[in-house]
Amino acid sequence: MLTTSRLLVCAFLPLLLISSGRSDRSPESRLPGCQSKVFKPDEFSWMSVKNQALSDAKSLRSAEKGHALHMLQESYFTDEADCARTESGKGASDVSFESWRVLYEKYGRNPLPAADLTVVRDASDEDVAIVRYRSGDEVRQEAMTLDGKEAPNPLLILKGGAKFEVLALIPDTDGTVSAYVKVSNTTANLEGIGFPIATKLAWMLSSKVEMYLRTDSWFISDSAFPIVFRFEAPSLPPTESEYNASPTLHFSSR
């Protein structure tokens, strides 16, 4: 059984304004409290989340028929405080490495179980549901059509010899979507291929996209990005000097 609060549905329209080089989306622009679904801890498993996510994807998309909406999101937690904390990013609009480290030690080093659902369109303009899951050291991810068939993941993009993984898509109040992307090949010409990736995401979402690109998943100084990206194998964070030496590139879709 699920205990649910109000369903969070993120939908984006094609009209947007440019944002600054770093996302300044403050927690005050979000609704207070947990806006996602909360499982009982003993009922949180990969199969229960996957089945719930697929059901949610179908019902959310069906409810939005007739509207030009190209992305839907839902998140799943086992703790309401963890949910509210995650949805508020890092809880401040100005994040230093020291303040982030405190949050990481308290909440990020051993994150509670969580999962998320993102529904986007693929190159054939068909809906694809991407479900990501983490419980302890168990990390899973699957992309499927809304009838449950396996599908390529539109949030994994290969271009210019590099693999781009979209870690998070966070909307702002003006309709702009901030896309946080990890690239796996550091030898690629990221300056040259970053803009086409941002443009591809803008088409996928029917939105203006501000894309932030790193060679790791540690968007430490960005206020909107969660304390830690949960949906990958656990790893040690960088030191402050290592983080400062690894730039975050920014690309606007137009």
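Only the coordinates and a few stated rules stand behind these numbers; no lab work does. Keep in mind that what you see is a predicted model, and the values were worked out from it rather than measured. Cβ placement follows ideal geometry from the backbone for every residue including glycine, while neighbour counts extend to all protein chains displayed.
Some observations on this one:
- Taking 0.36 nm per residue of sequence separation and removing the Cα-Cα distance, the Ala123/Gln141 pair yields an extension gain of 4.5 nm.
- Sparse-neighbour loop sites [GluC sites (Glu not before Pro); segment 58-143; at most 12 other C-beta within 10 Å; DSSP]: Glu126
- Counting 0.36 nm for each residue step from Ser55 to Glu240 and taking away their Cα separation leaves a gain of 62.4 nm.
- Entries in Lys58/Lys200; Lys40/Lys159; Lys50/Lys106; Lys90/Lys208 that, when Cα-Cα distance is taken, lie over 30 Å: Lys40/Lys159
- Eligible aspartates and glutamates near Lys163 by straight Cα distance, threshold 18 Å, same-chain separation 8 or greater: Asp122, Glu142, Glu191, Asp216, Glu232
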